[in-house]
1. Based on what the data block shows, is R5 open to solvent by less than 90 Å² (accessible area, probe 1.4 Å) and of a type in the set (K, R)?
2. Which residues, counting only those in segment 33-50, are open to solvent by less than 60 Å² (accessible area, probe 1.4 Å), free of Cβ contacts under 8 Å to residues at least 40 places away in the same chain, not hydroxyl-bearing (S, T, Y) and not in a loop (DSSP other than H, G, I, E, B)?
3. Restricting to segment 19-32, name every residue that is out of contact with any helix residue (DSSP H, G or I) (no Cβ under 7 Å at 6 or more places or on another chain) and in a helix (DSSP H, G or I).
4. Look at L26 and say whether it is farther than 26 Å from R58 by Cβ and open to solvent by 90 Å² or more (accessible area, probe 1.4 Å).
Amino acid sequence: MRLVRNLLALLVLAIGVLWSLQGLGLVRGSFMTGQSQWLYIGIVTVLIGLAGLAWANRSRI
């Protein structure tokens with residue numbers, strides 16, 4: 001189960017990075033390219049992914 005949580009959190013993190021890069025205009029080929037709102041959405045998504053990683057790897061004592 002821990003592996004599934006980690007993979008899901010990494011997927012969310014990767015999507016957030018992609019959206020952020022598209023918002024900055026560094027990744028082309030989408031309607032999101034150069035739109036600053038996607039930078040902010042991506043940053044929030046990255047933070048959610050990081051929180052998911054922290055949650056998936058918390059110690060269970």
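1. yes
2. W38, L39, G42, V46
3. L21 - this is the single residue of segment 19-32 that is out of contact with any helix residue (DSSP H, G or I) (no Cβ under 7 Å at 6 or more places or on another chain) and in a helix (DSSP H, G or I).
4. It is true that L26 is farther than 26 Å from R58 by Cβ and open to solvent by 90 Å² or more (accessible area, probe 1.4 Å).
The values are calculated or read from the model by the stated rules, or taken from the named source; none is laboratory data. It should be emphasised that the depicted structure is a prediction, and the values quoted were computed from it without experimental measurement. Here the Cβ is made from the backbone with ideal geometry for all residues, glycine too, and neighbour counts use every protein chain on show. Only protein heavy atoms, including side chains, enter the accessible area calculation; ligands, DNA and RNA are left aside. Shrake-Rupley method; radii C 1.70, N 1.55, O 1.52, S 1.80 Å.
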